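The next block holds one structure in the form of structure tokens; read it before the comments.
The values are calculated or read from the model by the stated rules, or taken from the named source; none is laboratory data. From a predicted model like this one, the values you see are computed outputs, not experimental measurements. Here the Cβ positions follow ideal geometry from the backbone for every residue, glycine too, while neighbour counts run over all protein chains shown. Surface areas here come from the heavy atoms of the whole protein model, side chains and all, with no ligands, DNA or RNA. Shrake-Rupley method; radii C 1.70, N 1.55, O 1.52, S 1.80 Å.
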Amino acid sequence: MRRCGECGSFEPAGAPACGRCAGLVDEIVEAGWREFMRAEFGAAQEPSDVRLVAEMVVDEPDRHPWRVVDAAYDRLTCGECGGRLSRGPASCSACDLANGFRYSAIEVDRPGVPPGNEHALRVNVAVARRPDGVSASEVLMRRLSLPLLLEGRLPTNAQAQATKALVQKGAGEHEVAAFIHREWGSG
């Protein structure tokens, strides 16, 4: 794990407020998209072709890895709010609907991580990328967990519940981060 030069958090725990960390969270998704496009279509595609591929992916999210689905939504514009489809404000019904469909995408744990790590990573990435409609305490817990999840760690149910209880008691960012790194392990 490394510290972000902009916010001082372990990367990418500063997302969504820190631009650098937010970019690193987006890169988790973008790397999956680039790999998919290279494997399926080879050379660089025209923007109109990329849009068609994105539309195809979101029409069948259950046939694609979550990173590909999330990236496909990023390439489409919401007709209701005008933002990236699925990432608009919680009041946007079209984005809310798309955000729900993203969870039918495929999750495959990376080699060497405990079963369920990819699901936890996916949920935390989704919260960091679309914090609207989620409580500030939930965003805090999810974003501070990202560095450890990326490292391949996964809390036990007891550790996750203890973390949530600490956050619900009003613990601050530094206290929660220290707890997560101590209890979930960082080395």
Task: MET56 accessible area, 1.4 Å probe, all protein chains in place, Å² to nearest 10 - done: 70 Å²
Open item on the list: In whole percent, and with a 1.4 Å probe on the protein chains, what portion of the accessible area of the chain is carbon and sulfur?
Closed with: 53 percent
TODO: Report the accessible area of ARG34, computed with a 1.4 Å probe over the heavy atoms of all protein chains in place, in Å² rounded to the nearest 10.
DONE: 100 Å²
Task: Choice from ASP109, ASP26, ASP74 with maximal GNM fluctuation in the chain (Cα, 10 Å cutoff) - done: ASP109
- [ ] Averaging sequence separations of C-alpha pairs under 8 Å and six or more residues apart, then dividing by the length of segment 1-153, give the relative contact order as a whole percent.
- [x] 22 percent
- [ ] Take the alpha-carbon centre of segment 77-96, take the same for segment 129-161, and report the distance between them in whole Å.
- [x] 23 Å
Task: Extension gain from ASP49 to LEU97, taking 0.36 nm per residue of separation minus the Cα-Cα distance - done: 14.8 nm
- [ ] Could you work out the mean projected area of the convex hull around the alpha carbons of segment 70-187, in square nanometres to one decimal?
- [x] 7.8 nm²
Task: Per residue accessible area in Å² of segment 29-119, where ligands, DNA and RNA are left out and the probe is 1.4 Å - done: 54 Å²
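Want the number for ALA39 to SER104: 0.36 nm per residue separation, take away the alpha-carbon distance, what's left?
21.2 nm
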Task: Relative contact order (%) - segment 64-142, alpha-carbon pairs under 8 angstrom, separation at least six - done: 24 percent
TODO: Just grab the label-to-label distance for LEU76 and ASN157, each label 7 Å out from Cα along the Cβ direction, in nm (one decimal).
DONE: 3.6 nm
Open item on the list: Defining a contact as two alpha carbons under 8 Å apart and six or more residues distant in sequence, what relative contact order in percent does segment 27-104 show?
Closed with: 25 percent
